[in-house]
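Computed from the coordinates by the stated procedures, all read-outs in this text should not be read as laboratory data. All values derive from a computational prediction rather than experimental measurement. Note that we place each Cβ from the backbone using ideal geometry, even for glycine, and neighbour counts take in every protein chain shown.
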Amino acid sequence: MNSSGLSSANLSSSPGQRMQDSENTEPSNTNKFMNRIKSDLQVQKHQKRTNRELHLKRVQNLRKELDYLKATEWKYQHVDRALDHSHRN
């Protein structure tokens with residue numbers, strides 16, 4: 001027993017001690033929640049960045065194809081002319 005006549009067992013289960021214990025878990029729960037939100041936001045940010053990079057890559061590939069078609073257009077007969085010749089025969 002201590003000088004006030006209370007045992008250490010009584011002190012550890014006092015309302016004040018229980019209040020301190022709940023206060024210690026609240027920040028822990030809040031930190032877990034905040035960490036979860038931060039993690040989710042980072043994942044969303046990464047997904048956005050990845051989607052944008054993929055989109056830009058697709059656009060770049062389409063531009064390359066378009067440039068190739070423009071550069072080699074002279075090699076091929078236009079569809080309108082080919083259809084016009086087939087209707088005349």
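The charge dipole of the range 29-87, taken about its Cα centre with unit charges on the Cβ of Lys, Arg, Asp and Glu (plus for the first two, minus for the last two), comes to roughly 700 debye. With a ≥ b ≥ c the root eigenvalues of the C-alpha gyration tensor of the range 29-87, is it rounded (a/c under 1.5), prolate (a/b larger than b/c) or oblate? Prolate shape, in that a/c is at least 1.5 and a/b is the bigger ratio. Lys-Lys pairs in the range 29-87 that are eight or more residues apart or on separate chains and whose Cα atoms lie under 23 Å of each other come to 6.
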